[in-house]
Amino acid sequence: MTNNSDTVATIPSDVDVAIIGAGIGGLAAAVALRKAGIEAHVYERTKVLKAVGGAVVIREPSVRLFEAWGIADRFHAEAVQIPLIEVRDSDGEPIGTISADPTGDGRAYSVHRADVQALLQEGVDQQHIHLGMECVEAFEDGERGVVRFADGQQVRTKVVIGADGIWSVVRKFVHNDEPIFSKLVVLRGLAPSSAMPEGTLNNRLYLWRQESRVMLLLPLRGGAEVAMDTSMEYDTPPKDLWTSEVPMSVLLDYFKGFDSAIINLIEAGTVPVRANPVYEREPIHTWSTAHITLLGDAAHPMAPRVGQGANQAIQDADALARALSREGMRNVPDALRRYHEERAPITKKMQLLSRSLPQINFFV
């Protein structure tokens with residue numbers, strides 16, 4: 001892959017498809033397009049694809065796509081199938097169980113976001129992943145889309161796919177709005193499964209709850225690790241108070257008085273606690289122009305209450321690849337219209353559902 005960490009790397013000036021962003025959505029689009037026989041190049045602003053993020057819940061429709069794309073073996077080696085969520089009170093007393101898949105799509109799996117990103121990356125031609133390429137502008141010029149990068153280079157393409165997340169630069173050409181702070185900050189930690197509370201199994205989700213304080217435990221990496229996820233409410237974005245990492249004491253203070261097993265688990269954490277403010281955007285009436293379209297969080301960011309952010313991005317990728325396959329690349333505007341018509345009603349429903357639920361139950 002191209003990496004311009006030391007010198008400016010020259011990129012192709014004209015490609016069929018340019019994908020902006022190498023997160024789960026962008027890489028899934030590249031994999032799906034490659035399977036459809038369409039050459040796509042991925043441009044990522046970071047210079048190194050690092051293992052960032054925490055646990056995600058991947059659902060049956062996404063797994064079926066992984067199988068169709070030929071990348072399911074590693075997924076099944078890393079992911080843990082989770083049949084249910086066991087709910088406990090703050091003292092650790094069981095309250096009951098609920099389905100791990102309230103959407104009714106079938107099985108659910110817990111896996112680290114970085115592992116999903118890595119398996120998708122393996123399904124892409126590595127020469128088509130260009131790192132250190134920060135998109136600063138996307139627009140149309142006649143029958144082509146154009147992307148400009150911070151280093152002065154630009155690429156002309158039949159299709160620009162904005163998969164550049166909640167702060168999408170590409171979205172500005174389609175719809176000029178701003179992200180909305182959801183009044184939630186998500187905190188994520190990681191611990192070895194050996195530190196799990198006595199009597200628990202690391203093949204299901206556990207939820208310790210006391211009113212607004214919730215600790216969600218998700219098994220990772222074949223059950224060897226457990227993710228610790230929670231959230232806090234803030235009226236305004238805590239930009240001046242938070243960084244990407246926070247002291248372990250923040251979690252310990254927040255869960256003071258909880259079951260000692262949870263306190264011990266937090267203390268066994270193996271990585272710094274990461275804190276991420278959650279932002280949303282309002283649903284928009286279209287994601288596309290003639291040659292520019294959006295995917296994943298760039299199109300429909302949603303609060304992590306129903307565990308659908310990553311899944312919807314993966315399913316966007318499949319729908320977009322199907323729309324562009326066969327005759328789609330000969331009539332890109334029509335293909336992008338069909339893509340939007342298929343996906344927008346589904347993702348709008350998920351956006352609004354994620355906003356209406358009172359508490360975070362999954363993290364994506």
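The values are calculated or read from the model by the stated rules, or taken from the named source; none is laboratory data. Fair warning: this is a prediction, and the values are worked out from it, not measured in the lab. In this analysis, Cβ positions are derived from the backbone assuming ideal geometry, glycine residues included, and neighbour counts consider all displayed protein chains. Just the protein is used for accessible areas: all its heavy atoms, side chains included, with ligands, DNA and RNA removed. Shrake-Rupley method; radii C 1.70, N 1.55, O 1.52, S 1.80 Å.
Of the candidates Thr270, Thr236, the single residue that is farther than 30 Å from Ala77 by Cα and among the hydroxyl-bearing types (Ser, Thr, Tyr) is Thr236. Applying the set (1) outside any helix (DSSP H, G or I); (2) loosely packed, with under 15 Cβ neighbours inside 10 Å to Asp101 leaves exactly one unmet item: (2). All of (1) farther than 25 Å from Arg343 by Cα; (2) modelled with pLDDT of 90 or more; (3) crowded, with 19+ Cβ neighbours inside 10 Å hold for Gly92 with one exception: (3). Scanning the range 58-89 for residues that are open to solvent by less than 40 Å² (accessible area, probe 1.4 Å) and outside any strand (DSSP E or B) yields a total of 12.
Restricted to the range 181-205, and to residues there that are basic (Lys, Arg) and surrounded by fewer than 20 Cβ atoms within 10 Å (Cβ to Cβ), the residue that is farthest from Val273 (Cα to Cα) is Arg204.
The rows are residues; the columns are (1) aliphatic (A, V, I, L, M); (2) open to solvent by less than 50 Å² (accessible area, probe 1.4 Å).
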{"residue": "Glu233", "(1), (2)": "no, no"}
{"residue": "Met248", "(1), (2)": "yes, no"}
{"residue": "Ile263", "(1), (2)": "yes, yes"}
{"residue": "Tyr279", "(1), (2)": "no, yes"}
{"residue": "Ala299", "(1), (2)": "yes, yes"}
{"residue": "Ala303", "(1), (2)": "yes, yes"}
{"residue": "Ile314", "(1), (2)": "yes, yes"}
{"residue": "Asp318", "(1), (2)": "no, yes"}
{"residue": "Arg326", "(1), (2)": "no, no"}
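Pairs are defined by a Cβ separation below 6 Å, a sequence spacing of at least 6 or placement on different chains, a first member in the range 77-95 that is closer than 30 Å to Phe66 by Cα, and a second member that is open to solvent by less than 20 Å² (accessible area, probe 1.4 Å) and among the aromatic types (Phe, Trp, Tyr); the pairs so defined are Ala79/Tyr109; Gln81/Tyr109; Glu86/Tyr206. Here Ala290 meets each of (1) touching a strand residue (DSSP E or B) at 6+ places or on another chain (Cβ under 8 Å); (2) open to solvent by 30 Å² or more (accessible area, probe 1.4 Å); (3) over 28 Å from Leu201 (Cα atoms); (4) in a helix (DSSP H, G or I) with one exception, condition (4). Within the range 124-142, the residues that satisfy the criterion of being in contact (Cβ under 8 Å) with a residue 24 or more places away in the chain and either among the hydrophobic types (A, V, I, L, M, F, W, C) or more than 23 Å from Ser168 (Cβ to Cβ) (or both) are Val124, Asp125, Gln126, Gln127, Ile129, Leu131, Met133, Cys135, Val136, Ala138, Phe139.
Which one is nearest to the chain's Cα centre (by Cα) among residues in the range 315-334 that are in a helix (DSSP H, G or I) and free of Cβ contacts under 8 Å to residues at least 40 places away in the same chain? Per the stated criteria, the residue is Ala319. For the range 37-57, a tally of residues being of a type in the set (A, V, I, L, M) and open to solvent by 40 Å² or more (accessible area, probe 1.4 Å) returns 4.
Only one of the numbered conditions (1) modelled with pLDDT of 85 or more; (2) touching a helix residue (DSSP H, G or I) at 6+ places or on another chain (Cβ under 6 Å) is violated by Asn202, and that is (1).
The residue that is surrounded by the most Cβ atoms within 10 Å (Cβ to Cβ), among those in the range 335-354 that are charged (D, E, K, R) and within 13 Å of Ser288 (Cβ to Cβ), is Arg343.
For the range 25-34, the count of residues that are of a type outside the set (Phe, Trp, Tyr), assigned to a loop (DSSP other than H, G, I, E, B) and modelled with pLDDT of 95 or more is zero. Of all residue pairs spaced 6 or more apart or on separate chains, those with beta-carbon atoms under 8 Å, a first member in the range 178-205 that is more than 23 Å from Pro304 (Cβ to Cβ) and a second member that is open to solvent by 40 Å² or more (accessible area, probe 1.4 Å) are Pro192/Ala224; Pro192/Glu225; Pro192/Thr270; Ala195/Asn264; Pro197/Asn264. If I ask for residues that are open to solvent by less than 30 Å² (accessible area, probe 1.4 Å) and not in a loop (DSSP other than H, G, I, E, B), which ones from the range 147-180 would you list? Val147, Phe149, Val155, Thr157, Val159, Val160, Ile161, Gly162, Arg171, Val174 - these are the residues of the range 147-180 that are open to solvent by less than 30 Å² (accessible area, probe 1.4 Å) and not in a loop (DSSP other than H, G, I, E, B). The listed residues are Gly37, Gly53, and the only one of them that is more than 20 Å from Asp318 (Cα to Cα) and either at pLDDT 90 or above or in a loop (DSSP other than H, G, I, E, B) (or both) turns out to be Gly53.
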